[in-house]
Amino acid sequence: MKAKARQNFIIDGIMFIVMMALTGTGLLTRYVLLSGKAAKAVYGQKVEMSMLGIGKDSWHTIHLYLGIILLGLLLLHIVLHWKQIVALFRKFIVSDKTRLIVVIVFIIISILLATFPFIISPTIEMGFSY
């Protein structure tokens, strides 16, 4: 196996493992470690839940870090395949003007999706309890 192919294989394998871990932590925090309201409905009282000695908030942090790792691996993957991406982009979108528009829209959407938690204020509701 050539060095570049081996490198791509390893990066893709790590990306897959990180995606599976993201899926697992997402499912864990959504369906296993129940929120206060859902846990009260199941257990009849407020309970603190954990998995492997780690609470829901810490699992959310792990989920976030896994997402950041996956993003870094994806960026590395894109850098390593840049020539192929550019060639395919030029093949599929022939017009220079259309290509420019697509790139600008893609960049704007990407920035908005990554920064929306800091742009939009959360709704705050007061006066409820579990």
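Out of all the residues in segment 1-16, which are assigned to a helix (DSSP H, G or I) and surrounded by fewer than 13 Cβ atoms within 10 Å (Cβ to Cβ)? Spell out the reasoning first.
Of all residues in segment 1-16, those assigned to a helix (DSSP H, G or I) come to 3-16.
Hits for segment 1-16 are A3, K4, A5, R6, F9, I10, D12, G13, F16.
Give me a count of the residues in segment 78-130 that are touching a Lys or Arg at 6+ places or on another chain (Cβ under 8 Å) and more than 29 Å from L64 (Cβ to Cβ).
4
Select the helices (runs of 4 or more DSSP H) contained entirely in segment 42-130, then report the ones holding at least 1 residues which are surrounded by 12 or more Cβ atoms within 10 Å (Cβ to Cβ) and hydroxyl-bearing (S, T, Y). Outline the logic, then answer.
Values: elements: 56-80, 82-92, 96-119.
Output list reads 56-80.
Quick one: in segment 24-41, which of the residues that are under 30 Å from L76 (Cα atoms) and open to solvent by 70 Å² or more (accessible area, probe 1.4 Å) is nearest to the chain's Cα centre (by Cα)? Let's see the steps before the verdict.
Residues of segment 24-41 under 30 Å from L76 (Cα atoms): 24-30.
Subsequent filtering for residues that are open to solvent by 70 Å² or more (accessible area, probe 1.4 Å) retains 27, 30.
Numbers: L27: 13, R30: 15 Å.
Checked segment 24-41; the qualifying residue nearest to the chain's Cα centre (by Cα) is L27.
Would you confirm, using the coordinates I've provided, whether Y65 is among the hydroxyl-bearing types (S, T, Y), at pLDDT below 95 and out of contact with any Ser or Thr (no Cβ under 9 Å at 6 or more places or on another chain)? Reasoning before the result, please.
On the way: among the hydroxyl-bearing types (S, T, Y): yes; at pLDDT below 95: no; out of contact with any Ser or Thr (no Cβ under 9 Å at 6 or more places or on another chain): yes.
In short, no.
Are any residues in segment 40-68 touching a residue at least 12 places away in the same chain (Cβ under 8 Å) and among the small types (G, A, S), and if so, which ones?
Those that are touching a residue at least 12 places away in the same chain (Cβ under 8 Å) and among the small types (G, A, S): S50, G55, G67.
The values are calculated or read from the model by the stated rules, or taken from the named source; none is laboratory data. Bear in mind the structure is a predicted one, so any value in this text is a computation, not a measurement. Reconstructed Cβ throughout: ideal geometry from the backbone, glycine too, with neighbour counts over all protein chains shown. For the accessible areas, the whole protein counts, side chains as well, though only heavy atoms, and no ligand, DNA or RNA atoms are used. Shrake-Rupley method; radii C 1.70, N 1.55, O 1.52, S 1.80 Å.
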